[in-house]
1. Excluding residues on the same chain fewer than 8 positions from residue 100, give the lysines whose Cα lies under 28 Å from its Cα.
2. How large is Rg over Rh for region 1-93, taking Rg from the Cα atoms and Rh as the Kirkwood inverse mean of 1/r across Cα pairs?
Amino acid sequence: SGGTAYGRFADASYSPAGKTGTAQANYAGPLKKKGDAPISTTNSTLVAYAPHNNPEVAMAVVVPWAYQSEGARHYMSQDIGRKVLDTYFELKKNRLNSEKLSEAGTDESNPIVGETAALETPTEEVIE
């Protein structure tokens, strides 16, 4: 607790664990002007899993050439990681809710049956 990404995950509904990092690199790709020296850049990384006490999902985020100025702080890898884990746990919650509704059946006396319409899967449109 209290690490570099703590602030990005402090209010999460799950309890993640992870490690952030940076790796210095030299960019010599197509955006570099001919004849110029390679541009010093920093890659931003995050490796994480959740929940920390009983992991069910793990991920790695690498953002190449995240920033170029010395001392700049960008949290792109942490922001991406937060969105990935939030989405994972939201999809899990929706799946569990759908399973509960399926188990509940179609008995109109059941108060959660009316919610089934919100969980219907849209039909796929075929594009030719």
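We did not get these values from a lab; they are worked out from the coordinates using the rules stated. Just so you know, these numbers come straight off a predicted model, no measurement behind them.
1. Answer for residue 100, where 28 Å is the Cα cut-off: 83, 92, listed by chain and number.
2. Numbers: Rg = 15.9 Å, Rh = 14.6 Å.
So for region 1-93, dividing Rg by the Kirkwood Rh gives 1.09.
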